[in-house]
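The values are calculated or read from the model by the stated rules, or taken from the named source; none is laboratory data. Computed from a predicted model, the values in this text were never measured in an experiment. Neighbour counts are summed over all protein chains in view; Cβ atoms, including those assigned to glycine, are modelled from backbone coordinates with ideal geometry.
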């Protein structure tokens, strides 16, 4: 698999080099690079111009950081608004870099308009070499406009389940319940399962002995479910529900319970439900069975 990947990368590199050589030849033949050379002919580099460029860059970076600070102080509740803030902050970094380059060339005496017009062929070359970069950016734009997911949503991509912490022009950051952060290219955000659109279910299965009076226990379960919901109303969206006998296992009758929760509470909800059911069943006189060996001696 690694050899195949290396061979594929080598082929792409060769193709990019051939295209670059071809476009450079076209540029030399059409005089494109002479135009660029003329645009840079007016550049004068001295101590005064260098200091001006440094001061300009410092001002732009200070303005960028000030705007980013203001954006970080805004804490909207809606996920869509948080997504827009994340995108604006990410795009601002690219804009600041472009402004510094263009303004810096102007200070040094270059004709920025001519440079931009003459760099079209160079941009085309870069476009072929950075196909994945362009795919990430285009995919990110479509995902934002189609509102597929937002900052704060819980999504599952490629088996990784986590909360969207930031959305950029190129990448999306996901953080799982363990604090692990996964950075995914926007073009790789396919077959997304957005779990924030609907509530999730915390599931608990618990076994009881075969000798338990199931009918009597089932009459007590509504009160038990109500008590669990009252004690954990911060986790459960509604009262847990008893679904019935899930299976007849080797040494126990397995009962199944579910509770509606937000996706962020799906694991804590299951843990709370397991704990409460074990405690409540013991108080009701039902011992939860465990694996054990019976030895019969003649």
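Free of Cβ contacts under 8 Å to residues at least 60 places away in the same chain and surrounded by 13 or more Cβ atoms within 10 Å (Cβ to Cβ) - does that describe any residue in segment 283-297? Spell out how you get there, then give the answer.
As a first pass, look at segment 283-297 and keep what is free of Cβ contacts under 8 Å to residues at least 60 places away in the same chain: 283, 285, 290-297.
Going one step further and asking which of them are surrounded by 13 or more Cβ atoms within 10 Å (Cβ to Cβ), we end up with none.
No, segment 283-297 has no match at all.
Only residues that are touching a helix residue (DSSP H, G or I) at 6+ places or on another chain (Cβ under 9 Å) and farther than 16 Å from residue 284 by Cα: list them for segment 222-236, please.
231, 232, 234, 235, 236
When you go through 166, 187, 200, 204 one by one, which is the residue that is buried (at least 17 other Cβ atoms within 10 Å of the Cβ) and out of contact with any strand residue (DSSP E or B) (no Cβ under 8 Å at 6 or more places or on another chain)? Full working, then the answer.
Working: 166 fails: out of contact with any strand residue (DSSP E or B) (no Cβ under 8 Å at 6 or more places or on another chain); 200 fails: out of contact with any strand residue (DSSP E or B) (no Cβ under 8 Å at 6 or more places or on another chain); 204 fails: out of contact with any strand residue (DSSP E or B) (no Cβ under 8 Å at 6 or more places or on another chain).
Going through 166, 187, 200, 204 in turn, just one is buried (at least 17 other Cβ atoms within 10 Å of the Cβ) and out of contact with any strand residue (DSSP E or B) (no Cβ under 8 Å at 6 or more places or on another chain): 187.
Given the conditions (1) surrounded by fewer than 17 Cβ atoms within 10 Å (Cβ to Cβ); (2) at pLDDT below 85, report the number of the one that residue 222 does not fulfil.
Evaluating residue 222 over (1) surrounded by fewer than 17 Cβ atoms within 10 Å (Cβ to Cβ); (2) at pLDDT below 85 leaves (2) as the failure.
Does segment 121-128 contain at least one residue that is within 30 Å of residue 58 (Cα to Cα), modelled with pLDDT under 75, within 34 Å of the chain's Cα centre (by Cα) and assigned to a loop (DSSP other than H, G, I, E, B)?
Looking for residues that are within 30 Å of residue 58 (Cα to Cα), modelled with pLDDT under 75, within 34 Å of the chain's Cα centre (by Cα) and assigned to a loop (DSSP other than H, G, I, E, B), one finds none in segment 121-128, hence no.
Within segment 253-275, can one find any residue that is more than 30 Å from residue 154 (Cβ to Cβ) and at pLDDT 85 or above?
Taking segment 253-275 first, the residues more than 30 Å from residue 154 (Cβ to Cβ) are 253.
From what's left, at pLDDT 85 or above: 253.
Checked segment 253-275: at least one residue is more than 30 Å from residue 154 (Cβ to Cβ) and at pLDDT 85 or above.
In segment 222-238, what residues are closer than 13 Å to residue 273 by Cβ, outside any loop (DSSP other than H, G, I, E, B) and free of Cβ contacts under 8 Å to residues at least 40 places away in the same chain?
225, 229, 236
Restricted to segment 239-261, and to residues that are out of contact with any strand residue (DSSP E or B) (no Cβ under 7 Å at 6 or more places or on another chain) and outside any strand (DSSP E or B), which residue is farthest from residue 211 (Cα to Cα)?
Ranking the candidates gives 239 first.
Among the residues in segment 73-91, are any in contact with a helix residue (DSSP H, G or I) (Cβ under 9 Å, 6 or more places away or on another chain) and at pLDDT 80 or above?
Here is the first cut: in segment 73-91, the ones in contact with a helix residue (DSSP H, G or I) (Cβ under 9 Å, 6 or more places away or on another chain) are 74-76, 83-89.
Subset that is at pLDDT 80 or above: none.
Within segment 73-91, not a single residue is in contact with a helix residue (DSSP H, G or I) (Cβ under 9 Å, 6 or more places away or on another chain) and at pLDDT 80 or above.
Enumerate the strands (runs of 3 or more DSSP E) found wholly within segment 165-221, keeping only those where 3 or more residues are touching a helix residue (DSSP H, G or I) at 6+ places or on another chain (Cβ under 8 Å). I'd like the intermediate steps shown before the answer.
Details: elements: 171-175, 181-185, 200-208.
Output list reads 200-208.
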